[in-house]
Amino acid sequence: MSDKIEVENLNLFYKDFQALKDVNINIRENRISALIGPSGCGKSTFLRVLNRMNDLYEGVRVEGNVLLDGNDIYKDNVDVVALRKRVGMVFQRPNPFPMSIYDNVAYGPRIHGKRNKKALDELVEMSLRGAALWDEVHDRLLKPALGLSGGQQQRLCIARLLAVEPDVLLMDEPSSALDPISTLKIEELIQVLKNDYTIVIVTHNMQQAARVSDYTAFFLNGELIEYGETEEIFTRPRDRRTEDYITGRFG
Ligand SMILES: Nc1ncnc2c1ncn2[C@@H]1O[C@H](COP(=O)(O)OP(=O)(O)OP(=O)(O)O)[C@@H](O)[C@H]1O
């Protein structure tokens, strides 16, 4: 099994404040890696490092190397739009565009130049199937996406990502705004998606991290304290601070 992403000596500053401190981590290909840790420890910041979303914030400075398939994504000549196509992101709250279900999924491919109706139809169907949503929406593709339930909207956002054929899916607490049944569906979907994608997920929910992920990284105050196989982290943590966190003693 190979490493999809290698992060070496990563430091990130928001102006004077250092949010990530000398982080070293390798993210395995076609596996699910969960990022856990108390609020403010830098999980979302780290996630945004992986597709350069932090570039959108003023005063952010990144040091170190972040290699995707061996190539540094922070080099000056990197095409950030292409990078974000390869490394897609799903957010806490589903954020479909105010347009039809079909157009939400076709949006990305159209921007990237796909215009052929038949090819788009196929891609939309494939993406909705990939996001386990096709059966629920195939007879109302032209209806507004905002009419879907929250859980369906989140799967639509995943379909929207899949349509631009990424390699890596970043998920920032993708089910925190959802009810338990929708959460379960998202978790099942994530398990299936790992066959084709490398997935990094931020979660506050310890059970969720234990249920869905293969690897777990525990962050505290911007430091990566411990990273390893999820089963190890949850049953035999090496660091006292990890143990305190997963047993609920703080955070
Ligand atoms: N755009 C920003 N400008 C300045 N500081 C920021 C910015 N975004 C995050 N921070 C700070 O960086 C630190 C890490 O924040 P981050 O959101 O990455 O943590 P987190 O672990 O994801 O937290 P949570 O679980 O609450 O979402 C926090 O102290 C936060 O206040």
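No value in this document is a laboratory result; all are computed from the given coordinates. Quick caveat: nothing in here was measured; it's all calculated off a predicted structure. FYI the Cβ positions are ideal-geometry reconstructions off the backbone, even for glycines, and counts take in every protein chain you see.
Here are some notes:
- Relative contact order of the chain: 27 percent, from C-alpha pairs under 8 Å at least 6 residues apart in sequence.
- Derived scalar couplings ³J(HN,Hα) [the stretch 204-211; Karplus, 6.51 cos²θ - 1.76 cosθ + 1.60; whole Hz; x for Gly, Pro]: 8, 9, 4, 5, 5, 4, 5, 6
- For the stretch 11-108, the set of trypsin sites (Lys or Arg not before Pro) satisfying both a DSSP loop assignment and a count of at most 10 other C-beta atoms within 10 Å is given as 15, 75.
- Computed from Cα atoms, the angle from the helix 101-111 axis to the main principal axis of the chain rounds to 70 degrees.
- If you take the alpha carbon atoms of the chain and fit the smallest convex hull around them, that volume is 127 Å³ per residue.
- Whole-Hz ³J(HN,Hα) from phi, Karplus 6.51 cos²θ - 1.76 cosθ + 1.60, for the stretch 156-167, glycine and proline x: 5, 5, 5, 4, 4, 5, 4, 5, 9, 6, x, 9
- Debye, to nearest 20: dipole size of the stretch 3-246, +1 on Lys, Arg Cβ, -1 on Asp, Glu Cβ: 800 debye
- In the chain, helical runs assigned H by DSSP with n ≥ 4 each contribute -39500 (n - 2.57); averaged across all residues and rounded to the nearest 500, the mean residue ellipticity at 222 nm is -10000 deg cm²/dmol.
- Euclidean distance between Cα centres, the stretch 32-96 to the stretch 175-189, Å: 23 Å
- Share antiparallel - DSSP beta bridges, the stretch 3-246, percent rounded to 5: 60 percent
- With 21 Å as the limit on Cα-Cα distance, the pairs of 4/185; 118/143; 4/75; 117/143; 15/43 that go past it are 4/185.
- Candidates 32, 104, 59 compared by Cα position along the dipole of the stretch 3-246: farthest toward the positive end lies 104, with charges placed on Cβ.
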